[in-house]
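Below is one structure; the comments refer to it alone.
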Amino acid sequence: MNRRKFLKALGVGGAAVAAAPAGAAASAVHAAAKTGATTGTDGTGSISSRGEDLATLLDLSKCIGCGACVEACAEANAHKKPEPQGAIPRPRPHSRTRVEDWSGRRDVTDRLTPYNWLTIQTAEVQKDGESLEVNIPRRCMHCVNPPCADLCPFGAALKQDNGIVRINEAICLGGAKCRKVCPWGIPQRQSGVGLYLDLLPEYAGNGVMYKCDRCYDRVAQGELPACIEACPEGVQSIGPRSEIIARAKALVAETGGFLYGLEEGGGTNTLYVSPVPFDVLNEAIAKGPGQPHLGPAEDVMARDESLATVVAAAPFMGLAAGLLTFVHGMKGGEGGHER
């Protein structure tokens, strides 16, 4: 049994240990949430994972930085974006937690935000003595063994059976554990929205975390993620992970390129092939909050303390998710994108 299966078994066991209606509710919610289309291209325009994780390959030699993918992502996922209502409660303690409000800056695209789940980084580098511009679309890496899903204390982040990693905004409290443990700091918080407002707004969280969910709802219908469909240059391809890895390695061998994402973070379902080394790109791109690096990335779940945390927390995660789901249902919410 690999680490991922072991952790999944713990999660199931934890829900059973809880042995309460809320725990049962959590199991049902996550079972439904994890049912995604096992959708590689099958010659019909739809995608199929054939029982594996879905993975994407991005050929950076093709990206012209036009932004069509960014626009398509924003349009396709507009219905999932946060809508704060009224004044945002100031969280306590003030010295440790701050409001993060992007609702007045929804047009920002040069970094990841709760409203912008895909950004393009540009690197001006040298190759064979000539200047070269390399554009890099950045979003969630969809890790094979995602620490955000394994370490979220409330079970709000999950990995679907087809490899898509997403956040259930219906029960997310915005604690940002997912961002803290993500090797690239991908998830972004919007304060003033979410379930915490119905609990203890000043103490029980600080909003909802948002990130790319690989258009899981489109994928469930056999459609391509919006960014892939909209790209005029065919930068991205999607399919079963084994096929995508084979394509990536073949492209590297054919072009003399460089590969990123296969081993980083313990392995991801987002692979990049670049005409120049990634340490060169990493030096050239802007990095900071919402602007992920392209350097070495630790396998967070390989830490002994990470596994110990999951073992200790497993009996309670299902119960916590169930209780939050119950509260969300009692207030008549329709979030979580389970529809």
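Every number here is computed from the coordinates shown, using simple stated rules; none is lab data. Model, not experiment: these values are computed from the prediction. Cβ atoms come from the backbone with ideal geometry, glycine included; neighbour counts cover every protein chain shown.
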Review point. Among 261-269, 227-235, 127-135, what's the highest-first ranking by average C-beta atoms within 10 angstrom per residue?
Key: 261-269, 227-235, 127-135
Study note, to complete from the structure: Computed Rg/Rh for the stretch 50-158 (Cα atoms; Rh = Kirkwood radius) stands at 1.04
Practice item. Rounded to whole Hz and in sequence order, give me ³J(HN,Hα) for the stretch 257-267 from the Karplus expression 6.51 cos²θ - 1.76 cosθ + 1.60, θ = phi - 60°, writing x for Gly and Pro. Key: x, 10, 10, 9, x, 6, 10, 4, x, x, x
Practice item. Enumerate the calculated ³J(HN,Hα) couplings along the stretch 291-299 in order (Karplus 6.51 cos²θ - 1.76 cosθ + 1.60, θ = phi - 60°), each rounded to whole Hz, writing x wherever the residue is Gly or Pro. Key: 10, x, 7, 10, x, x, 10, 5, 7
Practice item. Holding the Cα-Cα limit at 22 Å, pick out from Lys177/Lys211; Lys159/Lys180; Lys62/Lys180; Lys127/Lys211; Lys80/Lys287; Lys62/Lys127 the pairs that are longer than that. Key: Lys62/Lys180; Lys127/Lys211; Lys80/Lys287
Point to revise | Listed peptides 295-302, 283-290 by packing density, highest first (mean Cβ within 10 Å) | key: 295-302, 283-290
